[in-house]
Each structure stands twice: as structure tokens, then as C-alpha cells.
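I have placed the structure first, in the form of C-alpha cells, so that the comments after it can refer back to it.
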Amino acid sequence: MFRRVTDWSKQRAIQFIQFFHGLSITRKILVTGALLFSGVLAFTCGLFILTWIGVFGGMPGYDELARVENPLATEVYTADSVLMGRYFIQERSDISFDKLPTHLIQAVLSTEDIRFYDHSGIDVRSLGRVLIKSILLQNDASGGGSTLTQQLAKNLYPRKKYFLFSMLINKMREMIIASRLEGIYDKQSILALYLNTVPFGDNTYGIESAAQRFFSVSAKSLSIEQGAVLIGMLKASTAYNPRLHPERSRERRNVVLMQMAKYEMLKMETAKELMQHPLELKYRQLTHHTGLAPYFREYIRQQLEDWCSTHSREDGKSYNLYTDGLKVYTTLDSRIQQYAEEAMIQQMKLIQERFNNHWGKTDPWHNQKSLYDEAVKRSDRYKSLWLSGLSHDEIINEMQKPVLMNIFTWDGEKEVTMSPLDSIRHYLRFLNAGLLALDPKQGAVKAWVGGINHQYFQYDHVNENTKRQIGSTFKPIVYAAALEQGARPCEFISAEKTTYTGDKEWTPSNTEDNYDQKYSMEGGLAYSVNTVSVHVLEKAGIENTIRLANKMGIHSYIPEVPSIALGTADISMIEMASAYACLANDGVAVKPFYITSITTHRGEIIEGFSQPANQQQVLSEDNARMMVQMLKRVVDEGTASGLRTRYGIKNDVAGKTGTTQSNADGWFMAITPKLVIGSWVGADDPRIRFRTTALGQGARTALPIVGDLLQRINADDELKDISQAQFRELPSKLERRLSCNLSKSDETVLERIFGKKTTSSKRAFGDKKAKKKGFFKRLFGS
């Protein structure tokens, strides 16, 4: 049987050969063409079927396509719904079809797919040409036949390599996916999806992000010519990038305008007029350093990543901060945040100028060479060269070579030729700053400025991990602890100089020669008298003071030594703001919070947050209110009076300045009825500082930033609820307890004639019995 079939096949083959030889040349060509066409068609159909069933990779089904979403950046908003910034791998933000301007849609259709509304995802008229180019030429730029829906399919499911027939298989995949998309979505939805996914170069995806990047406007506000520029980039996002190739981009824009006119979507005279316009960009590179509150956004980023890892989407997978398009709503007020950033920039520019003039051509570390050497070894360039195997001397030699670089200056970023070693010297001279403002009743953070420029100085001076000596801003906690232990506000306390014995002897001193004076608690606080503060700490007790500080929100280590009365402990800004908020909140502890809710990109709430309901009374209401009253005196006539005299602040304000040893840190903590504001100024390395207290004290460095901020708040009519708020009137019983002079002197007639005495004693801390000097020793000062 098998032999008979074989013989028959041979006979048929011989007959076909004989037939073919008998044909004319013309007929041979036709037959060859028909056979070739049939083979190509059969091959194409077979390849299409294999692609359809997923042999070359799984094809998305209707269910998956119905849920298709772009990788979206997470957006961070203020409490008043102002976008501060995004977390993204690819910069992308969706916009709905109804917000797209008509001229933008017309530009897309006229240049990319004029028959978009007439096909179902595949343009049959262009299909043959594309298939021939794809099969015979394997031309990856065959183009022209890809509809908008096919381009959308390519954006959603990027092309892959399939050896010899990559182009054809990819085209088939896109056709199948496009057909399915057309069966799920209406034309408007497909257009919106397309414009939200298409790449525009510079790591920017989607028309909304592109409009923000190249023209600093939302897509809905694009002009006709701006829209034509962006749509023109769809042909080749790099070749027609207006930043990189402005003239080429302008020519492509004009092509788009003419296409719109050709299809009567724009009047010809209008198109020609717009073609004469110059190409004007307002380029804004959105990075993690730009936008409102970059330090704050970086601070919450890690917490949001942790949140994402413990919360799941509907499909059971954990949220991804960078691709799931979450919306994070915070407690920050965009106006206060903006004013805080502006105030810091304005004042720090002046303070830095004063600092530079103060040191002149001398390096602030001129007598501390090790400081500079340490900075060199900390630099990324030094570490990189060290890991490459170079010796220290070789590295220094390499780092002395000038290179082109961008540097930060208070006159703007500058491109300079400078050696890396000179760059380190440049940045070591800069002072930095931190500012935090929060609602003292709820603990909601309203402004967070962690430094002077996030791109060049990324160390955050606000968060709990950044601790600096706090100086006299700790004194109100000492005074509050003393009140809690029964100290009487009008009991006069001697400012005598005392040497305290222990492991080491310690003698606190004052900035003025006032050791013969006695001060009420309010006077000692208003004039920030160091010796009085230590005596007040004796009344309060060190352990009681530390315990109260912990309850008020300070969790940093506080050593059990008398010097804490002067603020020698290292504490963070956010902790100090918490403690002052407790004073402003009638003694109820306040825990700062900064996120109110996290939603999907559609606005569906995933989780909400608020201040814990079980707030604890850690300081009696009477004592808290008396402390605020004392701190008002500091502003009205004490060390913070410059807030009134220099900045004209007439608001109800209480506060305390602070200056640490050798003027390394300047602090100011302010309390208003609606805001607690803390500010700090100093160099990142505390060994770099002003040489005189007159220039480096908190009243001259940190206080001006708060004064500037309050001026800006006062000028904003929309913030009158903050600027015009007043403290509650102090009850008469508390007024009586505070009604005494701030200071008095026990100076005698002889002392007035022969000069003031300087009282002093020596004792262990807490021992009230001071050794009295004899009459002649007092008289002759021996």
C-alpha cells in the first residue's frame, strides 16, 4: 500500500514538473508569485495563530485589559490639596479625557491616526504595506500602519525579541491586543489611555507630566502651539525634544499645525500665524529635590515604603510606592510651608553674608586642620578613589585637578571649573538651618524645612535623628518642673556664681555681670540668667526635670548633670517642638503627626490617620499657662524682644532663644495660640561657628527666620485665624502669683559707694548651704 502511494506521489511530481516546463515565462512568473504569496499567507496565518494562542508569550486577556493601569507616581499633597511632589521611577501622572483640550486631541488625530474613529483598532488600508515591510524587509521603522490603539498596546506591553521575525510577531501581538482593547473601551477612553502612557523623553511619560516638564502648566492649559510641540515629539521623543533640539522641534511643531489645517481642524491662516511664533519653553525638571517640602517628603518616604509593604492591593500584592499611583494627604499647609521656605532663604542669605564677612578670607577651621581633613575623607569622591586602590597622596593629587561642576551659591546654581578639594572648602563655609511649625492642639505639622537646599544639603535638621545642643531653649522645661515641685514664681532667686562639686567642678557663668542680682522666675527666664536657671533646677530636681521632659515628648538621652539647666543635652527639633506644644496645649502632651490619609489614584481611601485620642495631661494646666505667660515676657522685653522691635510682630507670641557653647547653635522656639514654631541655625559641623555671641546667638540667627515667617503669615488675609489669634486671658489667681518685679538688688549703701560685690559659693549640687566668705574677704575681694 505504502509503495503504491509513493509511486503515485512521484508520478504527480513528474507531471507538475512537466507542466511547469511547458508553461511560458510569463505564466511561470505568475505561478511562482502565486505560490510565494500562498506560502507567505500560510506562514503569516500560522504565525498569527501561534501568536494568538500565546506560543510567543502570554497574551493579555479581556479581564486583564479591563483592569489595565499605567505605572503611576505616588503624589503627595498638602492639607489644602496642593501637590508637593511625587515618588516615581518614571515621571507619570494621569489626566482624564474631559480635561484634555480639544486642540490637543485634534493634533493627535491629524498626525497619528486620522481614521481613528473609523476603524476597530486595525487600519486595514495600511495593513498590507506594513506586513510586507515587516516580513520582507524586517524594518523596525515600517510604521505608518500602527493605529493609536496599536501604539497604546505597544506602550502597555513593550516589544520583545523573537529572533528572525521579531517585528512581525510584535506587530501581530499589538494588533490582537488593539482589537481586544477596542472591544473593552470606547474611543475617548482609548485616547486618554494613549496620551497617559506615551513617552515624551527626559524620563517623562504621559501628556500631563510632559506639559508640566516642558511648559510648567497642566495639560488642560496647553496652548495650541505648545500642544503641537508635544504631539510632534510622538514621532521621535529624542530627535524632537525641544530642550535638546529646539530648531528641529519647532519645524516638527509646524508640521503638526499644517496637518491640523490640512484636515480642517485649524484654519490655515491661524496655522500660519502660529507657525511664526518662536519656540518658548518653561522647562521645569521635576526631581525629588524640587517642589514644596523636599526634606519632609524624603522623611516620610521610608515610612510610606514600610506602610506599602504591610498593605495589599485587591490582587493580594503589596502596594508599590513608585508605581501604584497612591495619593498621600499630609497635614502641611501649602501657604505656611511656602512662607517658611521663603523666610529661610531670605534670612539665611543675610546670615551667611554676615558669617562670610565675619571670617573674611580666613577659613573658619583655620586652627582646626583635622576638621578639613575629615571632610575630605568623608567625600564621595575620596571614598570612590580609595576603593579603586589609590593611596591617600594619590587621591589628594587627583582631587587637586580642576573639573567642570555645578555648585550651590546664594545667587543661584553656578557652573564653574573647580577642584574637588576647593569644592569641599566651598561647602564647609555654609551655615545651615531647620524649621518646624505645628498645631499645638492637634500636633499636626504645618511646615517642615530641613535645610537650605535639598539638592546640595540633604541632611535634615528637623527629624528625630538629628540632635544638637539646645541651649537655653531647655530652660522652660526646668522652670515648669520647678513649678510642679511647688516653687513659687515670685520667690526671688539669687544669681550668685556657684561652683558645683562632683566628678568635676563646674561653674556656670552669665553673659552679664549680674551675680549680685536676685530674679523672680519670670525675670530669670526673660533675661535667660544661667546661674538662676541652675538654682531653679535645684528646686525642681534633676530626675524630676528629665522625667517631665520625657513626658512632654523629649525621648533623647538627657544626662543627670546640673548643666542640663543650660541646655547641654543633644535633642532634635521635632522633640523640642513637641515639648513647647505641650506648654501651649495647657500641659497636655502632643505627639506630632503629618499624614491624614492614603488613597488610591481614584480617591478611594485606603487608610486614615489622626492624633491619638488618649492625650495625657503631663503638666498641670495652671503651671502650663503660667509658663506661657513667662515666655511672653521673654518676647515682650527679654532676649527675644527683637521679634517686636526689629520685625514689628505684634501678634500674641511667647518664646525662648537659645545659644550653645561657643555659639555653635542658635535656637528660637516660638509659641502662638495656633502655631508652635522652632528654628535652628548652625554649621553641619559644630566646630564651624561665629566667634562672638553678639553675632552667633539665637536672637541674631534663628529668631530672624521666625520673625520673617510671621511677617509673611500676617500679610496673608487667608491666614488671619493664625495671625489674629490670642491666648486665653490668664485667670486672676494666676496673675496674682506672677505679679512681682522681674529682679531686685540687695546692694547696700557701702556697696553703692565702693562698688558691687560679686557673690559666689561652692557646694555639691542640691546642697543649699553655701559657705559664706568672711567680711574682709568680701570687702577686699581676696
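Brief remarks follow.
- A count restricted to segment 177-199 and to residues that are part of a loop (DSSP other than H, G, I, E, B) and surrounded by fewer than 23 Cβ atoms within 10 Å (Cβ to Cβ) stands at 2.
- Across segment 320-330, a minimum of one residue is classified as touching a helix residue (DSSP H, G or I) at 6+ places or on another chain (Cβ under 9 Å), without any contact (Cβ under 8 Å) to a residue 40 or more places away in the chain and open to solvent by 40 Å² or more (accessible area, probe 1.4 Å).
- Residues that are open to solvent by less than 40 Å² (accessible area, probe 1.4 Å) and within 22 Å of GLN442 (Cβ to Cβ) do not occur anywhere in segment 682-700.
- So LYS414, is it of a type in the set (Lys, Arg), open to solvent by 60 Å² or more (accessible area, probe 1.4 Å) and under 30 Å from THR331 (Cβ atoms): no
- Annotation: of all residues in segment 84-99 being more than 26 Å from ALA228 (Cβ to Cβ) and among the hydrophobic types (A, V, I, L, M, F, W, C), the one that is surrounded by the most Cβ atoms within 10 Å (Cβ to Cβ) is PHE88.
- Near pairs, Cβ below 7 angstrom, 6+ apart or cross-chain, from segment 624-646 (farther than 17 Å from CYS740 by Cβ and at pLDDT 95 or above) to any residue that is open to solvent by 50 Å² or more (accessible area, probe 1.4 Å) and assigned to a helix (DSSP H, G or I): VAL635/ARG644; ARG644/ASP636
- Residue in segment 483-491 that is surrounded by 15 or more Cβ atoms within 10 Å (Cβ to Cβ), at pLDDT below 95 and not hydrophobic (A, V, I, L, M, F, W, C) present: yes
- Pick from segment 417-443, criterion open to solvent by 10 Å² or more (accessible area, probe 1.4 Å) and part of a strand (DSSP E or B), ranking: farthest from ASN614 (Cα to Cα): THR417
- Every residue from segment 79-112 that is in a loop (DSSP other than H, G, I, E, B) and at negative phi: ALA79, ASP80, VAL82, PHE88, ILE89, GLN90, SER93, ASP94, ILE95, SER96, LEU100, PRO101
- Inside segment 364-401, residues that are among the polar types (S, T, N, Q) and either closer than 25 Å to ALA433 by Cα or not in a loop (DSSP other than H, G, I, E, B) (or both) make up a count of 6.
- Tally, over segment 287-319, of residues that are open to solvent by less than 50 Å² (accessible area, probe 1.4 Å), small (Gly, Ala, Ser) and farther than 17 Å from GLN338 by Cα: 0
- Residues (of a type in the set (Gly, Ala, Ser), touching a strand residue (DSSP E or B) at 6+ places or on another chain (Cβ under 9 Å) and assigned to a loop (DSSP other than H, G, I, E, B)) located in segment 319-363: GLY325
- Of the candidates SER739, SER743, the single residue that is within 18 Å of SER641 (Cβ to Cβ), at pLDDT below 95 and not aromatic (Phe, Trp, Tyr) is SER743.
- The residues listed here are THR74, THR102, THR111; of these, the one that is open to solvent by 70 Å² or more (accessible area, probe 1.4 Å), hydroxyl-bearing (Ser, Thr, Tyr) and at pLDDT 90 or above is THR102.
- Test for TYR515: is it in contact (Cβ under 8 Å) with a residue 60 or more places away in the chain, in contact with a strand residue (DSSP E or B) (Cβ under 7 Å, 6 or more places away or on another chain), open to solvent by less than 10 Å² (accessible area, probe 1.4 Å) and over 26 Å from TRP680 (Cα atoms): no
- Verdict on LYS497 being open to solvent by 30 Å² or more (accessible area, probe 1.4 Å), closer than 18 Å to VAL561 by Cα and more than 21 Å from the chain's Cα centre (by Cα): yes
- Pairs are defined by a Cβ separation below 8 Å, a sequence spacing of at least 6 or placement on different chains, a first member in segment 669-698 that is free of Cβ contacts under 8 Å to residues at least 60 places away in the same chain and closer than 17 Å to GLN368 by Cβ, and a second member that is among the polar types (S, T, N, Q) and not in a loop (DSSP other than H, G, I, E, B); the pairs so defined are GLY696/THR659; GLY696/ASN663.
- Condition met for PRO242 (at pLDDT 90 or above and open to solvent by less than 40 Å² (accessible area, probe 1.4 Å)): yes
- Residues that are of a type in the set (Ser, Thr, Tyr) number at least 1 in the following helices (runs of 4 or more DSSP H) confined to segment 214-318: 246-262, 268-275, 294-309.
- Single condition PRO489 does not satisfy, out of (1) farther than 19 Å from HIS288 by Cβ; (2) touching a strand residue (DSSP E or B) at 6+ places or on another chain (Cβ under 9 Å): (2)
- Qualifying residue in segment 475-490 (condition: assigned to a strand (DSSP E or B), in contact (Cβ under 8 Å) with a residue 24 or more places away in the chain and of a type in the set (A, V, I, L, M, F, W, C)): no
- Failed criterion for ASN623 (all others in (1) touching a strand residue (DSSP E or B) at 6+ places or on another chain (Cβ under 9 Å); (2) open to solvent by less than 40 Å² (accessible area, probe 1.4 Å); (3) not acidic (Asp, Glu) hold): (1)
- The strands (runs of 3 or more DSSP E) falling completely within segment 654-740 that include 1 or more residues that are over 27 Å from the mean Cα position of the chain (by Cα) map to 654-659.
The values are calculated or read from the model by the stated rules, or taken from the named source; none is laboratory data. In this text, all values refer to a predicted model and were calculated from it rather than measured experimentally. Ideal geometry is used to build each Cβ from the backbone, glycine not excepted, and the neighbour counts take in all protein chains shown. For accessibility, only protein heavy atoms count, side chains too; no ligands or nucleic acids. Shrake-Rupley method; radii C 1.70, N 1.55, O 1.52, S 1.80 Å.
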